[in-house]
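Comments concern the structure below.
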Amino acid sequence: MDENSVRAVIVGIPGVGKTTVIAQVQNILRQRGLKVATAVFGTLMFEEASKKNVKNRDEMRNLSIGEQRDLQEDAAKRIAGMNENIIIIDTHLFIKTSQWYYPGIPLNIVQIIRPTHLLLIIANAGEISLRRQADTTRHRELLSEEEIQHEIDLSRMMIVSLANLTGSPFTIIENNNNQAAKAAHGIASILVENG
């Protein structure tokens with residue numbers, strides 16, 4: 001990994017619109033002539049998990065903690081090998097299992113990827129609920145607005161903790177309905193100005 005590259009970890013709970021915003025950020029940065037790559041952490045993990053007969057990304061939540069740790073480390077090592085000017089890491093702060101919340105970016109992972117920027121995307125809990133209900137491409141547990149708000153609050157706490165662990169600056173970006181372009185431009189500006 002190039003020591004001068006920007007390694008931006010962009011996180012948000014499912015349904016916040018993170019993937020949509022990241023795609024727009026990537027387009028904005030490429031239009032500015034920057035070499036940018038997006039590493040979708042869950043996809044990298046799934047590529048390894050599929051070798052163990054895991055059929056979709058959502059099934060990974062049911063693997064043992066040890067298996068999840070191994071998959072995370074494999075994905076982090078692949079990201080560490082990337083050499084673009086700006087590397088966007090699309091991931092989650094935590095994975096909700098049936099019994100607990102498992103950290104999506106534990107200390108051993110941040111030591112491998114060494115993020116330079118931490119960005120948390122949030123939205124109104126009601127909007128997230130509607131987005132999750134409309135998304136037929138994933139097998140997600142439907143939560144109440146109160147449970148979604150709890151996940152947003154937990155995300156806020158975890159991004160602060162992650163910033164303390166890494167020494168990386170963090171910010172929180174809102175992506176309420178019809179604001180994806182605004183959120184994307186805000187993130188792109190942060191990555192270019194502070195890179």
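The values are calculated or read from the model by the stated rules, or taken from the named source; none is laboratory data. Keep in mind that what you see is a predicted model, and the values were worked out from it rather than measured. So basically every Cβ, Gly included, is an ideal-geometry build from the backbone, and we count neighbours across all protein chains shown. The accessibility values were calculated without ligands, DNA or RNA, using every heavy atom of the protein model including side chains. Shrake-Rupley method; radii C 1.70, N 1.55, O 1.52, S 1.80 Å.
Structure summary
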read-out: Accessible area of the chain divided out per residue, in Å², using a probe of 1.4 angstrom; value: 50 Å²
read-out: Helix-only CD estimate at 222 nm, as mean residue ellipticity for the chain, using -39500 (n - 2.57) per DSSP H run (n ≥ 4); value: -15000 deg cm²/dmol
read-out: Normalised alpha carbon radius of gyration of the chain [divisor 2.2 N^0.38 Å]; value: 0.98
read-out: Volume in Å³ per residue [convex hull over Cα atoms, computed for segment 1-110]; value: 102 Å³
read-out: Percent accessible area from carbon and sulfur atoms, segment 1-132, protein chains only, probe 1.4 Å; value: 48 percent
read-out: Net lengthening on full extension, I172/R114 (0.36 nm per residue, minus Cα-Cα); value: 18.9 nm
read-out: Choice from G81, G42, G66 with maximal GNM fluctuation in the chain (Cα, 10 Å cutoff); value: G66
read-out: Within straight-line cross-link reach of K77, lysines at Cα separation under 21 Å, skipping those fewer than 8 residues along the same chain; value: K35, K51, K52
read-out: Point-to-point label distance, T136-S161, nm (Cα→Cβ direction, 7 Å offset); value: 3.8 nm
read-out: Distant-in-sequence amide H partners of T97 (H built 1.01 Å from N, under 5 Å); value: Y102
